[in-house]
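Peer 1: One structure, as structure tokens, below. Some questions next.
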Amino acid sequence: MKGWRSLNKLCWSARRNVKVKILVTNDDGIYAKGLWALVAELQKVGEVIVVAPDREQSAIGTAVTLHQPLRLREVRPLVAGIKAYAVEGTPSDSVILALGMLGEGIEAVFSGVNEGANLGDDVLISGTVGAALQAYLHGLPAIALSVEVGGNMHFKVAAKLGSLLVNKIATNSLPQGLLLNINLPNLPRDEIKGIELTRLARRSYADLIESGNDGKRDYYWIVRGEPQWDRDVGSDRWAVEERRISITPLRGELSNAHGISLEGLCSSLLQGL
Ligand code: MN
């Protein structure tokens, strides 16, 4: 019995010695505080490499740069001992470069911690979620972490949550095809009331267009108005407003072939062709 136990212990420690290799990226830029708060926690449980845009790239979604060359430079990390690279490109570019040439053997990708929530339909334009989606499309477990904006930012809770998820990935206790969008209220741990599995909230769009003239040409500026949110129980928006952490499992599949009735459309289009 004793022999078994020590063998078990040996296997356990052997497994723990091979640290999970993690890519960390974001859309707030490589020197964002949230990213380094996350790195500081993740390096306790994994081997971390940082590849992130050299400047803020919020609301860029999953955009990939195809019509100009990408540049990459190694930068001084804000956490000692971490390899960090700044990319003159988007969050998705960073993920593609990292997976293709920098981080051999990367097993998980974290995006964030973003300063500002990424809730509901906004996941479609979020660069934070876009980077995670890119990693998911490459077949890796991918996690986007965001904290609601407001005053002093409490990134540490999100970062700790990230490290707990790394442990779960290391022990294969999460399902394949993992893409999580996690949002936290901006609160210290003792004021957070719980963790909820949620769905994306729907919101009304309230984009305003402001126009003017710069002296030469007319311009138009898209200004995001204050939307009306669905606050139904179970939505991500609801959870964060209830001072809970929201975990929304996402998937890459957007098609809705059976969700709406378009019967007869194909045959009538074919007839008209
Ligand atoms: Mn951002």
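The values are calculated or read from the model by the stated rules, or taken from the named source; none is laboratory data. In this text the structure is predicted, and so the values were computed from the model without any measurement. Neighbour counts are summed over all protein chains in view; Cβ atoms, including those assigned to glycine, are modelled from backbone coordinates with ideal geometry. The accessibility values were calculated without ligands, DNA or RNA, using every heavy atom of the protein model including side chains. Shrake-Rupley method; radii C 1.70, N 1.55, O 1.52, S 1.80 Å.
Peer 1: Determine the pairs where a residue that is more than 15 Å from D121 (Cα to Cα), located within region 244-257, has a partner that is open to solvent by 80 Å² or more (accessible area, probe 1.4 Å) with Cβ atoms under 6 Å apart, the partner being 6 or more residues away or on another chain.
Peer 2: From region 244-257, the pairs are R244/K193; I245/I195.
Peer 1: Further question: When you scan region 167-186, how many residues do you find that are under 14 Å from the mean Cα position of the chain (by Cα) and open to solvent by 10 Å² or more (accessible area, probe 1.4 Å)?
Peer 2: Matching residues across region 167-186 total 2.
Peer 1: Oh, and also: Suppose we filter I195, I209, I182 for residues that are out of contact with any Leu (no Cβ under 8 Å at 6 or more places or on another chain), assigned to a strand (DSSP E or B) and under 20 Å from E115 (Cα atoms); which single one remains?
Peer 2: None of the others qualify; the one that does is I195.
Peer 1: Moving on to the next point. Taking the stated definitions as given, is S204 more than 16 Å from the ligand (Cβ to nearest atom), under 25 Å from R244 (Cβ atoms) and at pLDDT below 95?
Peer 2: Spelling it out, S204 is indeed more than 16 Å from the ligand (Cβ to nearest atom), under 25 Å from R244 (Cβ atoms) and at pLDDT below 95.
Peer 1: Then there's this: If the Cβ limit is 6 Å and pairs must be 6+ apart or interchain, which residue in region 42-69 that is acidic (D, E) pairs with which residue that is away from the ligand (no atom under 14 Å from the Cβ)?
Peer 2: Between residues of region 42-69 that are acidic (D, E) and residues that are away from the ligand (no atom under 14 Å from the Cβ), the close pairs are E47/K19; E47/K21; D54/A86; D54/E88.
Peer 1: While we're on this one: Among the residues of region 113-122, which ones are hydrophobic (A, V, I, L, M, F, W, C) and within 11 Å of the ligand (Cβ to nearest atom)?
Peer 2: The answer is V113, A117.
Peer 1: May I ask you to list pairs of residues, at least six apart or on different chains, whose Cβ atoms are under 9 Å apart, with the first in region 217-230 being charged (D, E, K, R) and the second being open to solvent by 90 Å² or more (accessible area, probe 1.4 Å)?
Peer 2: Cβ pairs passing all conditions: R224/Y205; R224/L208; D230/R202.
Peer 1: Considering each residue of region 123-144, count those that are outside any loop (DSSP other than H, G, I, E, B), buried (at least 16 other Cβ atoms within 10 Å of the Cβ) and away from the ligand (no atom under 11 Å from the Cβ), and give that number.
Peer 2: Residues in region 123-144 being outside any loop (DSSP other than H, G, I, E, B), buried (at least 16 other Cβ atoms within 10 Å of the Cβ) and away from the ligand (no atom under 11 Å from the Cβ): 8 in total.
Peer 1: Could you list, in sequence order, all residues of region 132-145 that are under 18 Å from A239 (Cβ atoms) and touching a residue at least 40 places away in the same chain (Cβ under 8 Å)?
Peer 2: L145
Peer 1: Here is a further query. Is region 96-106 home to any residue that is within 16 Å of the ligand (Cβ to nearest atom), closer than 24 Å to L250 by Cβ and crowded, with 23+ Cβ neighbours inside 10 Å?
Peer 2: no
Peer 1: So which residues in region 145-165 are part of a strand (DSSP E or B) and closer than 16 Å to A40 by Cβ, if there are any at all?
Peer 2: If the condition is that a residue be part of a strand (DSSP E or B) and closer than 16 Å to A40 by Cβ, then L145, V147 are the ones that fit.
Peer 1: Let me ask another. Show the residue pairs that are 6+ apart or on different chains and have beta-carbon atoms under 9 Å apart, the first residue being within region 146-166 and touching a residue at least 60 places away in the same chain (Cβ under 8 Å) and open to solvent by less than 10 Å² (accessible area, probe 1.4 Å), the second being assigned to a helix (DSSP H, G or I) and among the β-branched types (V, I, T).
Peer 2: Correct list of pairs: V147/V157; A159/V39.
Peer 1: Here's something else I'd like to know. Looking for something under 20 Å from A32 (Cβ atoms) and of a type in the set (D, E) - is there at least one such residue anywhere in region 178-191?
Peer 2: no
Peer 1: Any residue at all in region 8-26 that is within 16 Å of the ligand (Cβ to nearest atom), more than 23 Å from L124 (Cβ to Cβ) and at pLDDT 95 or above?
Peer 2: Scanning region 8-26 turns up no residue that is within 16 Å of the ligand (Cβ to nearest atom), more than 23 Å from L124 (Cβ to Cβ) and at pLDDT 95 or above.
Yes or no, residue by residue, for (1) of a type in the set (A, V, I, L, M); (2) surrounded by 10 or more Cβ atoms within 10 Å (Cβ to Cβ):
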{"position": "R231", "(1), (2)": "no, yes"}
{"position": "E241", "(1), (2)": "no, yes"}
{"position": "I247", "(1), (2)": "yes, yes"}
{"position": "G259", "(1), (2)": "no, no"}
{"position": "L270", "(1), (2)": "yes, no"}
